[in-house]
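Peer 1: Here you go, one structure.
The values are calculated or read from the model by the stated rules, or taken from the named source; none is laboratory data. In this text the structure is predicted, and so the values were computed from the model without any measurement. Heads up, the Cβs are rebuilt from the backbone with ideal geometry, glycines too, and the neighbour counts pull from every protein chain shown. Just so you know, the surface numbers come from the protein's heavy atoms only, side chains and all, with ligands and any DNA or RNA stripped out. Shrake-Rupley method; radii C 1.70, N 1.55, O 1.52, S 1.80 Å.
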Amino acid sequence: MTKTFDGMELTRVGPGTLMGELMRCYWIPAAMSSELVRDGTPVRLMLLGERLIAFRDSAGRVGVMDHRCPHRCASLFLGRNEDGGIRCIYHGWKFDVVGNCVDMPSLPPPGFKEKVKAKSHKVIERAGVVWVYMGSCMQTPSLPAFEILDMPEDEINVSFIQRDCNYLQALEGEIDTSHFGFLHAGHVDPNNLAEDDPIMHTVRNRAPEYHLAETAWGTQYAGYREAEPRRISWRFGNFLFPFWTQVPNGEFGSHMHARAWVPLDDEHTMFVFIWWKRAVSAMSLPQPAFKDGTPIGGTSRGNRMLPNTTDWLGRWRLKDNAGNDWALDRAAQQGNVIYSGIAGIHLQDQAITESMGPIVDHELEHLAPSDQMITRTRRRLLLAARALRDKGVLPPGANDASVYRNARSGYFVSDNHCSRQEVYAQQLAASVRPLSTLHRAAE
Ligand code: FES
Ligand SMILES: [Fe+2]
């Protein structure tokens, strides 16, 4: 059981909080590059409980800064994005993307613009994503060395979806693998599946065994069950510091991806999914079907999105939410057409984690042996955050981004005489990998 105090420390992300300081040691995927247009409308960004604006200047550079003008705190969201900077509409002070005051027309020359600076953050664009570093370390970290970020940009897809709950319970839905055979596939009778269906092993044995391990990037689980005589079905998944996951819903050999659960504030999270277009995964395979060709209920693709608004929390929201009980169809649930009654794997996960309330009260939980990945991950996060606070020790990945390079997840079947480590190393060696990684291995 996680104690209430630990739960508080794990879930609060604002400035000065234990976890908030840990997260400020990393680059944070904050927006799609396409959201910011040259000299276009600034975007309100909520990130780790801070209200920021993002804009793209006339030269295409992106600025991310506190939304309050350093003069008298009017919101720069209302500002004019023109000629290489954002100009506050109150007294006309203008700031470039790194926060320098470049014009102060409300004062007679010489003014004092050299003495004023907007609180801006470092920004990088990669893979069609705007990344923000909100920390204050002397040395800015490198972007995480995920395999997917080493792939050519035109082979990468990105999507954002907001979730109305704390980042931790959203993230824990991803490393709680035993829910798959229920929430997503509780209505699937293995007799109705083709023998080689990827979910066959999951529904034939809904109570697998697990190996857990601490890794350089965080934690890893491997769910395993007998697939056929002397063959084992494996499903690997990862938690990666500070808020990333990799899930087993694709073939291990090509499943390059990363999934971030970025805290907007304590009660809202942005899911940022970056994946390789050519991976054999749930994103590229057709909708799962029974062996007679009928689609499996509840596995439809795509999400119904609301239009983005300019609200602090107005971006990338789903139409189906707590307001309509996530469009739960009781007839489909009672008829066992869809175990949950909710259409779509992502929406099922979204509904479950949002239904827990904005921040789960850990005192009310009864964690079981099948939840060990969750307890181990919470522990790892807490210990790393306390080591940072008490001893100044940088957490995994913050000073050595290469720890992520060999992180991979996915499913496969192998001979059963191998250990978790052996089977993982073998599969990784036989996988599609970015050219940069292969070059490094050859050096
Ligand atoms: S408050 Fe922005 S210029 Fe005065
Ligand atoms: Fe799920």
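Peer 1: Of the conditions (1) over 18 Å from F273 (Cβ atoms); (2) at pLDDT below 95; (3) away from ligand 2 (no atom under 16 Å from the Cβ), D311 fails just one. Which one is it?
Peer 2: (2)
This table checks each residue for (1) among the charged types (D, E, K, R); (2) assigned to a helix (DSSP H, G or I); (3) buried (at least 18 other Cβ atoms within 10 Å of the Cβ).
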{"position": "T377", "(1), (2), (3)": "no, yes, yes"}
{"position": "V423", "(1), (2), (3)": "no, yes, yes"}
{"position": "R433", "(1), (2), (3)": "yes, no, yes"}
{"position": "H439", "(1), (2), (3)": "no, yes, no"}
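Peer 1: Considering only the range 389-421, state which residues are of a type in the set (A, V, I, L, M), out of contact with any Gly (no Cβ under 9 Å at 6 or more places or on another chain) and open to solvent by less than 30 Å² (accessible area, probe 1.4 Å).
Peer 2: Scanning the range 389-421 gives a single hit, A401.
Peer 1: For the structure I just gave you, tell me whether T177 is without any contact (Cβ under 8 Å) to a residue 40 or more places away in the chain, within 12 Å of ligand 2 (Cβ to nearest atom) and either open to solvent by 20 Å² or more (accessible area, probe 1.4 Å) or closer than 25 Å to H366 by Cβ (or both).
Peer 2: In short, no.
Peer 1: Considering only residues of the range 365-375 that are in contact (Cβ under 8 Å) with a residue 60 or more places away in the chain and assigned to a loop (DSSP other than H, G, I, E, B), which is most open to solvent (accessible area, probe 1.4 Å)?
Peer 2: Across the range 365-375, the extreme among qualifying residues is H366.
Peer 1: Just wondering, is there one or more residues in the range 186-204 that are surrounded by fewer than 23 Cβ atoms within 10 Å (Cβ to Cβ) and touching a Ser or Thr at 6+ places or on another chain (Cβ under 8 Å)?
Peer 2: Taking every residue of the range 186-204 in turn, at least one turns out to be surrounded by fewer than 23 Cβ atoms within 10 Å (Cβ to Cβ) and touching a Ser or Thr at 6+ places or on another chain (Cβ under 8 Å).
Peer 1: Sticking with this structure for a sec: Taking only pairs six or more apart or across chains, which ones have beta-carbon atoms under 9 Å, a first residue in the range 197-211 that is over 20 Å from A282 (Cα atoms), and a second residue that is β-branched (V, I, T) and not in a loop (DSSP other than H, G, I, E, B)?
Peer 2: P208/T177; P208/T202; Y210/T177
Conditions (1) more than 22 Å from the chain's Cα centre (by Cα); (2) open to solvent by 30 Å² or more (accessible area, probe 1.4 Å), marked per residue:
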position: A327; (1), (2): yes, yes
position: R330; (1), (2): yes, yes
position: G335; (1), (2): yes, yes
position: S340; (1), (2): yes, no
position: G344; (1), (2): no, no
position: Q348; (1), (2): no, no
position: T353; (1), (2): no, no
position: E363; (1), (2): yes, yes
